[in-house]
2 protein chains.
Amino acid sequence: MSYTYDYPHPAVTADICIFSIRDGKLHVLLIKRLVDPFKDSWAIPGGFIKMDEDLIDGARRELEEETGVADVPLEQLGAYGTPDRDPRERVITVAFMALVPSDQMVLAAATDAADARWFDMDDLPKLAFDHDRILADARERLAHKVTNRVTETARAAFQFLPEKFTLAQAQAVFETLKGEDLDKRNFRKWIAANWDLVDLKEKTTGGRHRPAALYSVEF
Amino acid sequence: MSYTYDYPHPAVTADICIFSIRDGKLHVLLIKRLVDPFKDSWAIPGGFIKMDEDLIDGARRELEEETGVADVPLEQLGAYGTPDRDPRERVITVAFMALVPSDQMVLAAATDAADARWFDMDDLPKLAFDHDRILADARERLAHKVTNRVTETARAAFQFLPEKFTLAQAQAVFETLKGEDLDKRNFRKWIAANWDLVDLKEKTTGGRHRPAALYSVEF
DNA sequence: CTAGTAAGTGTCATATATACATTATAAACA
DNA sequence: TGTTTATAATGTATATATGACACTTACTAG
């Protein structure tokens, strides 16, 4: 009996959907591919799993190599393995996702990708492989996670708010992540019931309207 | 530029957790391994994905080859790829699960496994690889799916009931699948609200107690 | 006819979701 | 200074889901 499995092996990659809010709109981090297939196409970052690294570690490494983005709390989305999803050879990919702040983030595309940029989710380019499907699945999952219970993902939403924020700002963030408008009064009830808001007893100034109360969160 | 990716490739398998109720207890379908590693150990069925088949098709094929079980509605659980989960070489597995009736099912282990048997989930043998972890994840998912909304999995629960069943029988099935006891009155409210039960105007006989009304379901 | 056993049934409290309209307060401007 | 404009702030009613909880009914066996 031989000591290696005598079956042909597919390639295995990890692909990562990184979401952020920029300019009040949901964005996703895409890279421009450096090599064929789909050279010069946009794609979600990802690459080959090394033989000695765990799937999530491979995902983290590829993400950093292609975009410079590090230290994000990835969550597995699932495996995608339609036989012809890669025109070169059989490639099975394990998809991950995360929600991160991106303002002070410096994208470093140089090494393993021709470019790395944030794209508005409402204005996406044509994507390589089956990445449009993976991304759609991730988008759906994001919307569910953001309000359904107090998950890591929901907590990440507050990263898009300044230290001191108004409830209107918070509502805008959650609306962006969910992809739908929320009722103001119901949102305020929800956030007060589910998060530990501190009323800072300060108000905004300068607006041509009634000033808003400022809050901070404690986790 | 070469036409194949010059990275080493891991092996990729599909592993399948098949649940059923037998004797009123939750069981899982395991196979006895025919070859090393873990020769003669029990394991959840599974095997190598072929180069031209989709993940779910590979899972279905392996399941049939190793157990004789066919035509089950598999759902993907996720990918497991810890580097040393297989002592021989790097193997990444994609796990699937399903809930099926098993009474008239004939297990045919002969071909690709030394044996195939149903095991009581409360009396499992030591499992090969990391299959205990995969199985634990599947068990948890099953419990959630059975009552949370009207899913395929929830519908499958009725397969464990005869054409005409009492509400007590139905409750027993759902208790087994959830792994916890349910309140009789609350269960009756729930099943009446969520399923289309037909009161057959018949009653059981022969019990040393008050006869029970018989129902059937319509989907 | 009595004992045993499982069937059958309703209410209250709590939590969550959703719909919906008016008043309050500051800045800008005439 | 007072009028306009823009956003902030607030409460109630309804519907639905969840979970706790105890007594009466009806058959069988002895």
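The values are calculated or read from the model by the stated rules, or taken from the named source; none is laboratory data. Just so it is clear, the structure is predicted and the values come from calculations on it, not from any experiment. Neighbour counts run over all protein chains shown; Cβ positions are idealised from the backbone, glycine included. Heads up: the accessible areas ignore ligands, DNA and RNA and are worked out on the full protein's heavy atoms, side chains in. Shrake-Rupley method; radii C 1.70, N 1.55, O 1.52, S 1.80 Å.
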* To do: Identify all aspartates and glutamates with a Cα-Cα distance to A:K189 below 19 Å; exclude those on the same chain that are fewer than 8 residues away in sequence.
  => A:E175, A:E180, A:D181, A:D199, A:E218
* To do: Calculate, for segment B:161-218, the solvent-accessible area per residue in square angstrom, rolling a 1.4 angstrom probe over the heavy atoms of the protein chains.
  => 67 Å²
* Structure fact -> per DSSP, antiparallel bridges as share of beta bridges in the protein assembly as shown, % nearest 5, sits at 70 percent
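If you take the square roots of the eigenvalues of the alpha-carbon gyration tensor of the protein assembly as shown and sort them as a ≥ b ≥ c, do you get rounded (a/c under 1.5), prolate (a/b over b/c) or oblate?
Oblate is the answer for the protein assembly as shown, as a/c is 1.5 or above yet b/c matches or exceeds a/b.
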* All-pairs Cα distance distribution in segment A:11-147, expressed in whole percent, bin size 5 Å -> 2, 11, 22, 26, 23, 12, 4, 1, 0
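Roughly how crowded by other chains is peptide B:47-57, in terms of the mean Cβ count from those chains within 10 Å of each of its Cβ atoms? List each step's numbers first, then the result.
Details: counts 2, 6, 8, 5, 7, 4, 4, 7, 7, 3, 2.
For this peptide, the per-residue mean of nearby foreign Cβ atoms is 5.
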* Structure fact -> Of all trypsin sites (Lys or Arg not before Pro) in segment A:104-197, the ones in DSSP coil with at most 15 other Cβ atoms within 10 Å are A:K126, A:R149, A:K164
* Under 5 Å, built H, 5+ apart or other chain: amide partners of A:R22 -> A:H27
* Asked: Put a point 7 Å out from Cα along the line to Cβ at B:H209; what are the distances to that point in the other copies, in nm, shortest first?
  -> 6.4
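Would you mind telling me the share, in percent, of accessible area of segment A:11-147 contributed by carbon and sulfur at probe 1.4 angstrom?
Working: 2500 of 5520 Å².
Carbon with sulfur: 45 percent of the solvent-accessible area.
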* What is the mean number of Cβ atoms from other protein chains located within 10 Å of the Cβ atom of each residue in peptide B:9-16, rounded to a whole number? -> 5
* To do: Could you tell me the convex hull volume per residue, in Å³, taken over the Cα atoms of segment B:161-218?
  => 96 Å³
* Asked: For label points placed 7 Å from Cα toward Cβ, what is the shortest-first list of nm distances from A:D183 to its copies?
  -> 2.8
